Amino acid sequence: MAEVKVKVQPPDADPVEIENRIIELCHQFPHGITDQVIQNEMPHIEAQQRAVAINRLLSMGQLDLLRSNTGLLYRIKDTQNAGKMKGSDNQEKLVYQIIEDAGNKGIWSRDIRYKSNLPLTEINKILKNLESKKLIKAVKSVAASKKKVYMLYNLQPDRSVTGGAWYNDQDFESEFVEVLNQQCFKFLQTKAETARESKQNPMIQRNSSFASSHEVWKYICELGISKVELSMEDIETILNTLIYDGKVEMTIIAAKEGTVGSVDGHMKLYRAVSPIIPPTGLVRAPCGLCPVFDDCHEGGEISPSNCIYMTEWLEF
């Protein structure tokens, strides 16, 4: 008598358990999951059962259906943005998601096109619609004056986009930087003169002439000469220019954790210095510190004849 093989069917899984498991997967992968991910995590679930669970979650508004380079994505719906994106189609949701993922550095429309696989005309239409709803905003980047990056409406643009405190509407505030340069040096000069007038031994005088970047930052803030809020990093940038000019020197000391002005157990100290002998004319020439010195030659795009720094130096 021939042996009869009986195929045992697995018991039907609870639809609620399938839905809960899909929600868990979406939380584990906030950028979205594909149907293949669901299938790999729940191999015992039939395709029809998966489809029923996914459709139910979509109909209840718990998932968003998005399109990407890898195909369809299922993403947990953001409850905060659910109301804002109400009435939006899947293409608009996809563009919004791409912009959201870019954070405060923003994203070019060309990159949105590449990630969404949508026509440029459709992307421009969606961008205008999202801007009108005040869900996103366009920000001019100092890296490219004729291009704009898009980011969420409530985000503060990154310094790499705006240029930080030194730029205003993409224009470099050279006069503002020069005023800060002068005031920082004046503060360090005053501190050095006070240390010399103390008539103490040379080592104590030298140590007393140093000031931390936090002290310089506090002094500049109290002057009230800046219309924008300056950080310690901004002040250290100014102090670095003084170091390059040979007017200031810096040293780094160990500091206790929690000490004002310290970072990772270290603190930067600065003091004004005077050259022992006046520098020669050749040393003062801008060529010595020029970052494009190797590309400078007569007849080229960068040349001594059209160098504004060389002209200023010769007039001086």
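The values are calculated or read from the model by the stated rules, or taken from the named source; none is laboratory data. Everything quoted here is computed from the prediction, not taken from an experiment. Counting neighbours? That spans all protein chains shown, and the Cβs are built from the backbone with ideal geometry, glycine included. Please note that ligands, DNA and RNA were not included when accessible areas were found on the heavy atoms of the full protein model with its side chains. Shrake-Rupley method; radii C 1.70, N 1.55, O 1.52, S 1.80 Å.
For the stretch 141-222, applying the loop criterion from DSSP together with a ceiling of 14 other beta carbons within 10 Å to the chymotrypsin sites (Phe, Trp or Tyr not before Pro) yields Tyr153. Around the Cα centre of the stretch 103-146, unit charges on the Cβ atoms of Lys, Arg, Asp and Glu (plus for the first two, minus for the last two) sum to a dipole of about 120 debye.
Could you state the number of Å between the C-alpha centres of the stretch 96-159 and the stretch 201-221? Measuring centre to centre over Cα atoms gives 45 Å. The count of lysine pairs in the stretch 163-264 that are at least 8 places apart or cross chains, and whose C-alpha atoms lie under 24 Å apart, stands at 12.
Roughly how many percent of the accessible protein surface of the stretch 167-259 is carbon and sulfur, given a 1.4 Å probe and a whole-percent answer? Solvent-exposed carbon and sulfur of the stretch 167-259 make up 49 percent of the total.
Using 1/(1 + (r/R0)^6) with R0 = 41 angstrom and r between the beta carbons of Val263 and Ile302, what's the FRET efficiency to the nearest 0.05? Efficiency for this residue pair is about 0.65. Each of Arg159, Arg50 has its accessible area taken with a 1.4 Å probe; listed largest first, they run Arg159, Arg50.
Full extension of the chain between Ala47 and Trp108 gives 18.1 nm of extra length, using 0.36 nm per residue less the Cα-Cα distance. Solvent exposure of the stretch 185-224, expressed per residue, is 64 Å² of accessible area, with all protein chains present and a 1.4 angstrom probe.
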